[in-house]
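Engineer: Below is one structure. I have some questions about it.
The values are calculated or read from the model by the stated rules, or taken from the named source; none is laboratory data. Note that the structure is predicted; figures quoted are calculated from it, not measured. When we count neighbours, we look across all protein chains shown, and the Cβ atoms used for this are built from the backbone with ideal geometry, even at glycine. When the accessible area is computed, the model is the full protein with side chains, heavy atoms only, and any ligands, DNA or RNA have been set aside. Shrake-Rupley method; radii C 1.70, N 1.55, O 1.52, S 1.80 Å.
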Amino acid sequence: MNTLIKHSAVMAVGRMLTEASGMFAKTQQPQLQFTHQTALPVFRKNNRKGYLGFLFILPVLVIVVFFFITPLIMTAWMSFFKWPMFGKTKFIGWINYTNIFQDDVFWHALKFTFIYAIIMTPLIFIFSMILASLVKDSHKPGVSLFRSVYFLPTVIGFGTASILWKWLLDVRFGLLNHLAVSLHLVDSPIMYQDSLSQGFMVVVSMVLWKTLGFNMILLLVGLQGISKDIYQAAQVDGAVGWRRLRYITLPLMRRTFMLTLILSVSGSLLAFDQFYIITNGGPMDQTITSVFYIYNNSFINGRLGYGAALSIIQLFILMVISVLQIWLLRDKEGRA
């Protein structure tokens, strides 16, 4: 009797399990069928979006390929040739690069360029940060006007700004020179083309006037991106003045500082227009930058191959400095 009861119980449990598994299979089958039927349309839709995104970036890719990558490849190719302005070219291998290490004029120009960048970059950064702090609060009266006034010189090119300053400082009819003499700020007109220090100060003043507005906007965006709640919480904890700047503002603006620093250093190392127009490399070629020297070799002396090799060296230096800046400004977790 007991054996029969046990056998019947086992059979009943088996039937229950069989029915349950059948019901589970029926409930799961439509779901699997639904996923299988919709997989292909979803894949096609994602592909369509990918193609559309590619079409949007295609104009930029074309510009980059034709105006950056192609000239870069041609420059690297030309650097292995003796390539005169007119006449036949001749393959000379690495001779142009070996000649660079023996070119004292180039290394002097590169040294002057680094000195200019070291002086120029902190000045741009400090004054831009001061201006950004002054015009941060948009609710104050006149802030919009001052933002426009500070940014206005940015819209003109370096060539135009250099010509303007050269005219204003002209010895005979320059407005700034005339005012400086009339107000007895100087005893005689500023002869900036005959003095290294005066010429350098004129260029630095012009570049500050020209670039402060752009860098001010970059830093202003970074300052406005910091929530006021963070400052209020820091004030409760006693972080005011320098401590707030040191522990709140500077760390939270790290990426903005990185962008501003890279643009400022790169722009200073590529300086050409201001020295070419204002000082013309004088006095006695003491204000020739590395790009100015590349220009002279390529288009004045007609040594296009040597100028191409100098350009590749300049590009390599810029890449190393940019990577070094990114590495130095990374966060504690190693992120840029």
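Engineer: Kindly indicate whether any position in segment 212-234 is without any contact (Cβ under 8 Å) to a residue 40 or more places away in the chain, open to solvent by less than 60 Å² (accessible area, probe 1.4 Å) and not in a helix (DSSP H, G or I).
Structural biologist: Yes, that holds for at least one residue.
Engineer: Consider segment 131-155. How many of its residues are surrounded by 12 or more Cβ atoms within 10 Å (Cβ to Cβ) and of a type in the set (A, V, I, L, M)?
Structural biologist: 6
Engineer: Something else about it: Hey, any hits in segment 202-209 for a residue that's open to solvent by less than 60 Å² (accessible area, probe 1.4 Å) and closer than 26 Å to ASP137 by Cα?
Structural biologist: Scanning segment 202-209, I find at least one residue that is open to solvent by less than 60 Å² (accessible area, probe 1.4 Å) and closer than 26 Å to ASP137 by Cα, so the answer is yes.
Engineer: Just give me the residues in segment 75-122 being polar (S, T, N, Q) and assigned to a helix (DSSP H, G or I), in sequence order. Let's see the steps before the verdict.
Structural biologist: Initially, segment 75-122 is screened for residues polar (S, T, N, Q), giving 75, 79, 89, 96, 98-99, 102, 113, 121.
THR75, ASN96, THR98, ASN99, THR113, THR121 - these are the residues of segment 75-122 that are polar (S, T, N, Q) and assigned to a helix (DSSP H, G or I).
Engineer: Hey, can you tell me all the residues within segment 156-169 that are out of contact with any Asp or Glu (no Cβ under 6 Å at 6 or more places or on another chain) and either hydrophobic (A, V, I, L, M, F, W, C) or open to solvent by 40 Å² or more (accessible area, probe 1.4 Å) (or both)? Outline the logic, then answer.
Structural biologist: Our first condition is that a residue be out of contact with any Asp or Glu (no Cβ under 6 Å at 6 or more places or on another chain); within segment 156-169, this holds for 156-157, 160-161, 163-169.
Across segment 156-169, the qualifying residues are ILE156, THR160, ALA161, ILE163, LEU164, TRP165, LYS166, TRP167, LEU168, LEU169.
Engineer: May I pose another question? GLN193 is checked against (1) modelled with pLDDT of 85 or more; (2) in a helix (DSSP H, G or I); (3) surrounded by 13 or more Cβ atoms within 10 Å (Cβ to Cβ); (4) not small (Gly, Ala, Ser) and fails just one. What number does that condition carry?
Structural biologist: Result: GLN193 fails condition (1) only.
Engineer: Hey, among ILE95, ILE119, ILE100, which residue is closer than 25 Å to GLN198 by Cβ, at pLDDT 95 or above, β-branched (Val, Ile, Thr) and touching a Phe, Trp or Tyr at 6+ places or on another chain (Cβ under 9 Å)? Spell out the reasoning first.
Structural biologist: Values: ILE95 fails: closer than 25 Å to GLN198 by Cβ; ILE100 fails: closer than 25 Å to GLN198 by Cβ.
Being closer than 25 Å to GLN198 by Cβ, at pLDDT 95 or above, β-branched (Val, Ile, Thr) and touching a Phe, Trp or Tyr at 6+ places or on another chain (Cβ under 9 Å) holds for just one of ILE95, ILE119, ILE100, which is ILE119.
Engineer: Report every pair of residues separated by at least 6 positions or lying on different chains whose Cβ atoms are under 7 Å apart, first residue within segment 165-193 and in contact (Cβ under 8 Å) with a residue 12 or more places away in the chain, second open to solvent by 80 Å² or more (accessible area, probe 1.4 Å) and assigned to a loop (DSSP other than H, G, I, E, B).
Structural biologist: Close Cβ pairs (under 7 Å, with a partner that is open to solvent by 80 Å² or more (accessible area, probe 1.4 Å) and assigned to a loop (DSSP other than H, G, I, E, B)) amount to VAL171/MET191.
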